[in-house]
1. Quick one: grab the alpha carbon gyration tensor of region 246-346, order the square roots of its eigenvalues as a ≥ b ≥ c, and give me rounded if a/c is under 1.5, else prolate or oblate depending on whether a/b is larger than b/c.
2. Per residue, how large is the accessible surface of region 93-168? Use a 1.4 angstrom probe and give square angstrom.
3. Report the longest stretch of the chain that contains none of the GluC sites (Glu not before Pro) sitting in a DSSP loop with at most 13 other Cβ atoms within 10 Å.
4. Could you check the simple spin-label distance between Arg29 and Lys280, using points 7 Å along Cα→Cβ, in nm with one decimal?
5. Using alpha-carbon pairs under 8 Å, 6+ residues apart, how would you state the relative contact order of the chain in percent?
6. Hey, any idea what Rg/Rh is for region 143-191, computing Rh the Kirkwood way over Cα pairs?
7. With the full set of protein chains in place, find how many percent of the accessible area of region 1-152 is carbon and sulfur; take the probe as 1.4 Å.
8. Where the only charges are on Cβ atoms (+1 Lys, Arg; -1 Asp, Glu), what is the dipole of the chain about its Cα centre, to the nearest 20 debye?
Amino acid sequence: MEKLFVDLGKNSYDILISDSFNELPKALRGINAPKKLLIVTDTNVRDLYADEVHELLCSNGYDAAVYAFEAGEENKNMNSVLGICQACINHKLDRKSMIIALGGGVTGDMAGFAAAIYMRGIDFVQIPTTLLSQSDSSVGGKTGIDFAESKNILGAFHQPKLVYMNVSTLRTLPEEQFVSGMGEVIKHGIIRDSEFFEYLMNNAESIKALDSETLIKMDKRNCSIKADIVMQDEKENGLRAILNFGHTIGHAVESAYIFTKTHGECVGIGMAAAGYIAKKRGLINDAALSKIENILEMYGFKIFTKLPDKDSIYKFMQNDKKKLQGKLKFILPFEIGNVIQTADVTKEEIYEALEYIERG
């Protein structure tokens, strides 16, 4: 098992990376977890792992119940959060109880949000089962739901008490979900670590073959990048914004597709579009843009594709929660491993980038 420490003062926690659930009870004892737990999951993950985790916890003295909401991004809404809160009441959780988020990013975001508001805040643990959640959403304390056709527009910062990753769960992922998760992994290399970017290039076959040792190594380095950023800027007042590389356009594309495309796939499109804007501005050269596009395609991204109506995408961008004083914030690369933040990208540049994606 590998271990990382996220140092956030009183909100600090460990990230544990393993290839099984076997060490979970010991990990919970390590944080003095209460005996009463609610395992929150979706209907897909429930059928795969909820029984195993539930039986493991109950056999180790925990009073655990399982609540599953209907799987799908379309259910990432307040009604689902209220369903989780009702399950907390039904299972008689009090202010010292704990929620266990077992599943992907949707589960972690909603279970974490429910934990943030139930009885004005109770503790929760992240057990991410998808590559997207292991590589990104389970680390950092962002929780939330979609509302009014805007992604993650309602939410709260609520740090977990522990993140426990079991890389073997990636073997049950549909291919498109593995691709989606790699979008966030690749993003971290582009924004912060050129050596990690090269590692992803050079070890693509082992990673795509889901070799446990390689995945654990990848997850540890990937999470260390995000954790380092979060430790410097927990509430996104500055540096943490670089984690949004590819998301300004990506979130809008995801919304315009009415969430029929995966988050990572849309972020991949957003990264390629942002890379194009950076190239047109002279921040990166053709070779760097090609490297970004090549690694995305290497991992199965279809970044050059027919997009929804550009006006629709641009309209969704105006609802972006990262918009400040009426201006959209963009993260643009100036080399592999480094990016800049800017709020002066024009509508014309955005439309030209979208046209580039469509014509490839």
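1. Verdict is oblate for region 246-346.
2. Value returned for region 93-168: 28 Å² of accessible area per residue.
3. Between the exposed loop sites, the longest stretch runs 150-360.
4. Label at Arg29, label at Lys280, 5.9 nm between them.
5. 15
6. 1.05
7. Carbon and sulfur atoms account for 47 percent of the accessible area of region 1-152.
8. 1100
The values are calculated or read from the model by the stated rules, or taken from the named source; none is laboratory data. This one's a predicted model, so the numbers in the text were calculated from it and none came from an experiment. All Cβ positions, even for glycine, are placed from backbone atoms using ideal geometry, and neighbour counts span all protein chains on display. Note: areas computed on protein heavy atoms with side chains; ligands, DNA, RNA excluded. Shrake-Rupley method; radii C 1.70, N 1.55, O 1.52, S 1.80 Å.
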